[in-house]
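Heads up, the thing below is written out as structure tokens.
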Amino acid sequence: MPWQTEVSPFILLDYHPPFEYAPSDVPRGVGAHPHKGFETVTLLFSGEVQHRDSAGNQGDLNAGEVQWMTAGAGVLHEEKHGAAFSKQGGILHLIQLWVNLPAKFKNTPPSYQTLTEKEMPVIELPSNSGTVKLIAGKYADYSGPAKTFTPVVLAEVKLRAGAIVTFPLEEGYTALVLVISGQLMEGLDSGYMGRFSQTGKDLHLEAVTDAQVIILGGEPIQEPMVAYGPFVMNSRQEILQAYTDLQSGKFGVL
């Protein structure tokens, strides 16, 4: 089975572990750069990030919030430390996830969602064993606020030591678990990700210590995928076209 199928619809996960930045007069971060054909999802655990893009979207991302950007047909964006965070310094801790788009949505207009703490339901697990903060998809009778183009489940789960939890996923879904802190019985320690079988409906987790984990579930996109640099398309020709579109100014100006 190709790796794209094993982790689809997810493409990349960039984990920025807790790091303390000194005060700076110049905001650090990533300057203007292009994307096309997929979505970027940023989960911020501590610090501050400012976003702006060539579609006219901008926003401040604070600790506990999530940013969901659909690059779609092509966009330029930048992500930098917020002004207050830059001036004061502090600990930045975040994840950025890339989620593929099906071919029929790769040329959808760019869009942007900021998901605040109050928008994301926090569900208490049975027996006081922990909580689920639901970002996308469904859990029990709850729905996450993120609007997605393909079925995705994304949740931040906090478990108490000894907790045994069953997290429901659809048959055939990709199932990934990233441990932010603590340890799971499955042999996963802080900073490690586990890929679970796509056979079966339920994801079973057991916490050895208090743990914070990210659950990623999604319906695989059964299409060819070609990724090159900041673009994710279905063919080499489409990648070349993406560069042509960028160079001709179709991604806008930032």
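The values are calculated or read from the model by the stated rules, or taken from the named source; none is laboratory data. None of the values given here were measured: they were computed from a predicted structure. We place every Cβ from the backbone using ideal geometry, glycine too, and count neighbours over all the protein chains shown.
Listed here are the residues, each with its yes/no results for (1) part of a strand (DSSP E or B); (2) touching a residue at least 24 places away in the same chain (Cβ under 8 Å).
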residue: F45; (1), (2): yes, yes
residue: H51; (1), (2): yes, yes
residue: G56; (1), (2): no, no
residue: L61; (1), (2): yes, yes
residue: Q67; (1), (2): yes, yes
residue: H77; (1), (2): yes, yes
residue: K80; (1), (2): yes, yes
residue: A84; (1), (2): no, yes
residue: H93; (1), (2): yes, yes
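Just so you know, in the stretch 154-180 the residues that are surrounded by 13 or more Cβ atoms within 10 Å (Cβ to Cβ) and of a type in the set (D, E, K, R) include one that is farthest from the chain's Cα centre (by Cα), and it is R160. Restricting V232, V213 to those that are modelled with pLDDT of 95 or more, buried (at least 19 other Cβ atoms within 10 Å of the Cβ) and either farther than 18 Å from A73 by Cα or assigned by TED's automatic domain parsing to the domain that holds F38 (or both) reduces the list to V213.
The set of residues in the stretch 122-135 being surrounded by 14 or more Cβ atoms within 10 Å (Cβ to Cβ) and in contact (Cβ under 8 Å) with a residue 24 or more places away in the chain consists of L125, S129, G130, T131, V132, K133, I135.
Of the residues making up the stretch 181-224, those that are under 27 Å from T70 (Cβ atoms), under 19 Å from the mean Cα position of the chain (by Cα) and assigned to a loop (DSSP other than H, G, I, E, B) are E219, P220, I221.
Results for (1) within 27 Å of K118 (Cβ to Cβ); (2) crowded, with 23+ Cβ neighbours inside 10 Å, shown as yes or no for each residue.
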position: V26; (1), (2): no, no
position: F38; (1), (2): no, yes
position: Q50; (1), (2): yes, no
position: A63; (1), (2): yes, no
position: G82; (1), (2): yes, no
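Anything in the stretch 136-153 that is surrounded by 17 or more Cβ atoms within 10 Å (Cβ to Cβ) and hydroxyl-bearing (S, T, Y)? List them, or say none. Within the stretch 136-153, Y139, T148 qualify.
Residues that are surrounded by fewer than 19 Cβ atoms within 10 Å (Cβ to Cβ) and of a type in the set (D, E, K, R) within the stretch 84-121 comprise K87, K104, E117, K118, E119, listed in sequence order.
Hey, among G194, G162, which residue is under 28 Å from G37 (Cα atoms) and in contact with a strand residue (DSSP E or B) (Cβ under 9 Å, 6 or more places away or on another chain)?
On the way: G162 fails: under 28 Å from G37 (Cα atoms).
Selected residue: G194, the only one of G194, G162 that is under 28 Å from G37 (Cα atoms) and in contact with a strand residue (DSSP E or B) (Cβ under 9 Å, 6 or more places away or on another chain).
Would you say F149 is over 29 Å from F19 (Cα atoms) and in contact (Cβ under 8 Å) with a residue 24 or more places away in the chain? Spelling it out, F149 is indeed over 29 Å from F19 (Cα atoms) and in contact (Cβ under 8 Å) with a residue 24 or more places away in the chain.
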